[in-house]
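Input: a single structure, listed below in structure tokens.
The values are calculated or read from the model by the stated rules, or taken from the named source; none is laboratory data. Worth saying up front: this structure is predicted, and the values here are computed from it rather than measured. Cβ: placed from backbone, ideal geometry, glycine included. Neighbour counts: every protein chain shown. Surface areas here come from the heavy atoms of the whole protein model, side chains and all, with no ligands, DNA or RNA. Shrake-Rupley method; radii C 1.70, N 1.55, O 1.52, S 1.80 Å.
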Amino acid sequence: MSSHPIRTRFAPSPTGVLHVGGARTALFNWLYARKQGGVFVLRIEDTDHSRNSEESKQIIIDGLHWLGLDWDEGPQKGGDHGPYYQSERNAIYEEYLAALEKKGFLYEEHGAIRFRSPRRKVLLEDLICGNIEFDLTNPATHPDMTLRRPDGSWIFHFVNVVDDIEMKISHVIRGEDHLSNTPKHLELYAALGAQPPRFAHTPLILNRDGSKMSKRDQGANMSIYPEQGYAPEALRNYLSLLGWSPKDNREILDTSTILELFELHQINRRSASFDPEKCFWINGQHLLRMDLARYRELALPFLEKAAICSESSEMLEKVLSLVKPKIKSLPDLPDWVRCFFSDEFPFEPEAVAKNLSTPQARERLSLLAQALLLLECWSASSIETCFKNRAATLGIRVGELVHPARVAVSGRSVGAGLYEMLELLGRERTIKRLLASAENR
RNA sequence: GACCCUAUCGUCCAGAGGCCUAGGACACUCCCCUUUCACGGGAGUAACACGGGUUCGAAUCCCGUUAGGGUCGCCA
């Protein structure tokens, strides 16, 4: 198409959190660049000295790393258009300011440097919002913008435009909160004699009730997702669906599919609201569908944190593949699997009360243990047969054996398939636990 | 207040004049499967903000109203 290479950028200011809206903006920029075979740039807009710190910058970098949005140029990566921190680009801004000065666009007021608007109508051809004309002829409604403060520090509009020119950004994909700023930016491009990039303003993400999403709202802060056991690929999936869709009712999409189907101009013009429940569901679907190696990778930190360690990696894999189809959230994992790796596990009081409190139940456990002791082959299917036979002999439903046994062996009333659990646990531990419960509880 | 954007189930998305008695998904309710919890399958509740046009015909086009959001900073 164009002879100009596609270059997009994510240009956050370090505020201490990576907001979910910012993450989505970054995702769209990343998707577009990757889809077009272009370059994705990360630039940190840290001109406001009062509120930026190393930690804040690190939070953004960590968040993007976690989300899997790798940049081609930027912090930790370098590139031909650096530096990528605005705080280090002073000389460049001075140069551009001098150019504007020379052309007579600037004037000073109270020590600040301001841009004299040409006072014209400005047409924005937005890839998402369409053509919008802004009338900037009235100074009362559109006052001249300030470019530089009396203390020498720079204002967003100016440095943002200068950097986009210098970094040869071809597509500015950003939140709709910048839509009304764009005519000002267009004035700057014109004044600098630069060709403006294509703009694409995405609708904002709101809360479920339609209110503006602040960093404190549920789900707004990206740092909670790794902690809560979300898979980055699931978040990419959910975020991509806020304002965009593949149009064919598919919802669970891996990133390569999104890449294949994503189109900038198909993004909605309607603001979306963030639904934590749906996000959770999408994550669950990814957890369910991912392969065991990936599952294990995501699960490991949660097991380590709970001080659960496996005697063998083979055992770990067996346990994980057993519970994987059942579990919806990785933070729940330790409670589900602790009983496989240690004899020290808590008994849920309600589960005990319901299933182990009667002498009858304890009697059955002990009978069950005797039967299992005699089993010639310790496999899930023969264990199942044994349970069923036992139940038939006692004239009860299998459930009346299964539920107490589950609690005796795991302390819990919910879990994976019991017969498979027992097979994995081994005969010795199974019988020991059945008898312990038969006697004590 | 001015300017800009938006308006389909509670939520996300489909719908770009007749295929719409509006489709899918989350959530919710019920049923089936099942040793539990899940998964899976089935069913159900639930929406075109309102008012005018245009048209033989409008969720879809136009205008207005209302509502929500955004911007109007020497924040980004």
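Out of the residues in the stretch A:105-119 meeting the condition of being in contact (Cβ under 8 Å) with a residue 24 or more places away in the chain and assigned to a loop (DSSP other than H, G, I, E, B), tell me which one is most open to solvent (accessible area, probe 1.4 Å).
A:His110
Counting just the residues of the stretch A:47-56 that are out of contact with any strand residue (DSSP E or B) (no Cβ under 6 Å at 6 or more places or on another chain) and open to solvent by less than 60 Å² (accessible area, probe 1.4 Å), which one comes out modelled with the highest pLDDT?
Top of the filtered list is A:Ser56.
With A:Arg216, A:Arg250, A:Arg296, A:Arg208 as the choices, which residue is in contact (Cβ under 8 Å) with a residue 60 or more places away in the chain and not in a strand (DSSP E or B)?
From the options A:Arg216, A:Arg250, A:Arg296, A:Arg208, the qualifying one is A:Arg208.
Touching a Leu at 6+ places or on another chain (Cβ under 9 Å), near RNA strand B (Cβ under 9 Å from one of its atoms), of a type outside the set (Ser, Thr, Tyr) and part of a helix (DSSP H, G or I): which single residue out of A:Leu188, A:Leu179, A:Leu124 fits that description?
Only one candidate passes the filter, namely A:Leu179.
Just to verify a result, which residue in the stretch A:273-285, among those that are open to solvent by 20 Å² or more (accessible area, probe 1.4 Å), touching a residue at least 24 places away in the same chain (Cβ under 8 Å) and not charged (D, E, K, R), is farthest from RNA strand B (Cβ to nearest atom)?
The qualifying residue farthest from RNA strand B (Cβ to nearest atom) is A:Pro276.
Inspect all residues belonging to the stretch A:83-99 and state whether any of them is away from RNA strand B (no atom under 11 Å from the Cβ), open to solvent by less than 20 Å² (accessible area, probe 1.4 Å) and of a type in the set (Phe, Trp, Tyr).
Yes, the stretch A:83-99 contains a residue that is away from RNA strand B (no atom under 11 Å from the Cβ), open to solvent by less than 20 Å² (accessible area, probe 1.4 Å) and of a type in the set (Phe, Trp, Tyr).
How many residues does the stretch A:185-205 contain that are crowded, with 16+ Cβ neighbours inside 10 Å and free of Cβ contacts under 8 Å to residues at least 12 places away in the same chain?
Number of matching residues: 1.
Give the residue, chosen from A:Ser321, A:Ser310, that is outside any loop (DSSP other than H, G, I, E, B), among the small types (Gly, Ala, Ser) and either farther than 20 Å from A:Leu425 by Cα or open to solvent by less than 70 Å² (accessible area, probe 1.4 Å) (or both).
A:Ser321
Among the candidates A:Leu27, A:Leu67, which residue alone is out of contact with any Phe, Trp or Tyr (no Cβ under 7 Å at 6 or more places or on another chain) and more than 15 Å from RNA strand B (Cβ to nearest atom)?
Exactly one of A:Leu27, A:Leu67 is out of contact with any Phe, Trp or Tyr (no Cβ under 7 Å at 6 or more places or on another chain) and more than 15 Å from RNA strand B (Cβ to nearest atom), namely A:Leu67.
Only one of A:Pro12, A:Pro5, A:Pro75 is open to solvent by 40 Å² or more (accessible area, probe 1.4 Å) and either of a type outside the set (Phe, Trp, Tyr) or in contact (Cβ under 8 Å) with a residue 24 or more places away in the chain (or both); which?
Only one candidate passes the filter, namely A:Pro5.
Would you please name the residue that is farthest from the chain's Cα centre (by Cα), looking only at residues in the stretch A:407-441 that are farther than 16 Å from A:Thr385 by Cα and within 7 Å of RNA strand B (Cβ to nearest atom)?
For the stretch A:407-441, the residue satisfying everything is A:Ser413.
Which members of the stretch A:135-150 meet the condition of being in a loop (DSSP other than H, G, I, E, B) and within 7 Å of RNA strand B (Cβ to nearest atom)?
Those that are in a loop (DSSP other than H, G, I, E, B) and within 7 Å of RNA strand B (Cβ to nearest atom): A:Thr141, A:His142, A:Pro143, A:Met145, A:Arg149, A:Pro150.
Applying the selection to the stretch A:224-237, what residues are open to solvent by 70 Å² or more (accessible area, probe 1.4 Å) and either part of a helix (DSSP H, G or I) or more than 30 Å from A:Ala306 (Cα to Cα) (or both)?
Within the stretch A:224-237, just A:Glu227 meets the criteria.
So which residues in the stretch A:364-396 are in a loop (DSSP other than H, G, I, E, B) and either without any contact (Cβ under 8 Å) to a residue 40 or more places away in the chain or touching a Leu at 6+ places or on another chain (Cβ under 6 Å) (or both)?
A:Leu374, A:Glu376, A:Cys377, A:Gly395, A:Ile396
Based on what the data block shows, is A:Ser240 of a type in the set (Ser, Thr, Tyr) and open to solvent by 40 Å² or more (accessible area, probe 1.4 Å)?
no
If a residue must be more than 16 Å from A:Glu428 (Cα to Cα), open to solvent by 50 Å² or more (accessible area, probe 1.4 Å) and in contact with a Ser or Thr (Cβ under 8 Å, 6 or more places away or on another chain), how many such residues does the stretch A:351-407 contain?
Residues in the stretch A:351-407 being more than 16 Å from A:Glu428 (Cα to Cα), open to solvent by 50 Å² or more (accessible area, probe 1.4 Å) and in contact with a Ser or Thr (Cβ under 8 Å, 6 or more places away or on another chain): 3 in total.
Quick one: is A:Leu288 within 7 Å of RNA strand B (Cβ to nearest atom), in a loop (DSSP other than H, G, I, E, B) and aliphatic (A, V, I, L, M)?
It is false that A:Leu288 is within 7 Å of RNA strand B (Cβ to nearest atom), in a loop (DSSP other than H, G, I, E, B) and aliphatic (A, V, I, L, M).
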